[in-house]
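Asker: This is the structure I want to talk about, given as structure tokens.
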Amino acid sequence: MATTKKTGTTDTEQGFTDDERAAMKERAQEVRAGRKRGAKADPEADVLAKIAEMDDADRVLAERIHALVKENAPDLAPKTWYGMPAYARAGKVVCFFQSAQKFKSRYATLGFSDEARLDEGAMWASAFALAELTPEVEARIADLVKRAAG
């Protein structure tokens, strides 16, 4: 099988897509920038800048997710994570928003890390596809974020 350069999909010989490599580079830059700026930095400004870069549909979702997290889990600190808006407790990401545009997906995602306190028995969801934010979806997100923040 010949090695081909693809964007948004994985080629078996390539390993990571161009988009995945770009996200890893972005994460490395975030770590370096955090070390340089130290505790005086305003990570929320970085999050808002990343949201502002998104296309219209993703930006609307991300802005509302940001507001819902701030309202329902004020103890979670905003930060960027692989170039995405994320929210952390004690420096560890609890939840994050991934735009559809980021990996050329058909929907945005609200994801939760293993730091989220969402355990329900032997199996539970750790990511949710977001097509639109209705009042019912916003209420569910508010509940998930509150529970995740613990």
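A short reminder: the numbers here are calculations on the coordinates, not readings from a lab. Keep in mind that this is a model prediction, so the values were computed, not measured. Note that each Cβ is placed from the backbone with ideal geometry, even for glycine, and that neighbours are counted across all protein chains shown.
Asker: Would you mind giving the average projected area, over all directions, of the Cα convex hull of segment 18-149 in nm² with one decimal?
Answerer: Average projection, Cα convex hull of segment 18-149: 8.2 nm².
Asker: How would you order 87-95, 121-129, 48-56 from highest to lowest mean count of nearby Cβ atoms within 10 Å?
Answerer: Packing order, densest peptide first, comes out as 87-95, 48-56, 121-129.
Asker: Right, next: Residue separation times 0.36 nm, minus the C-alpha to C-alpha distance between ASP143 and MET24: what's the value?
Answerer: Gain on extension, ASP143 to MET24, equals 39.8 nm.
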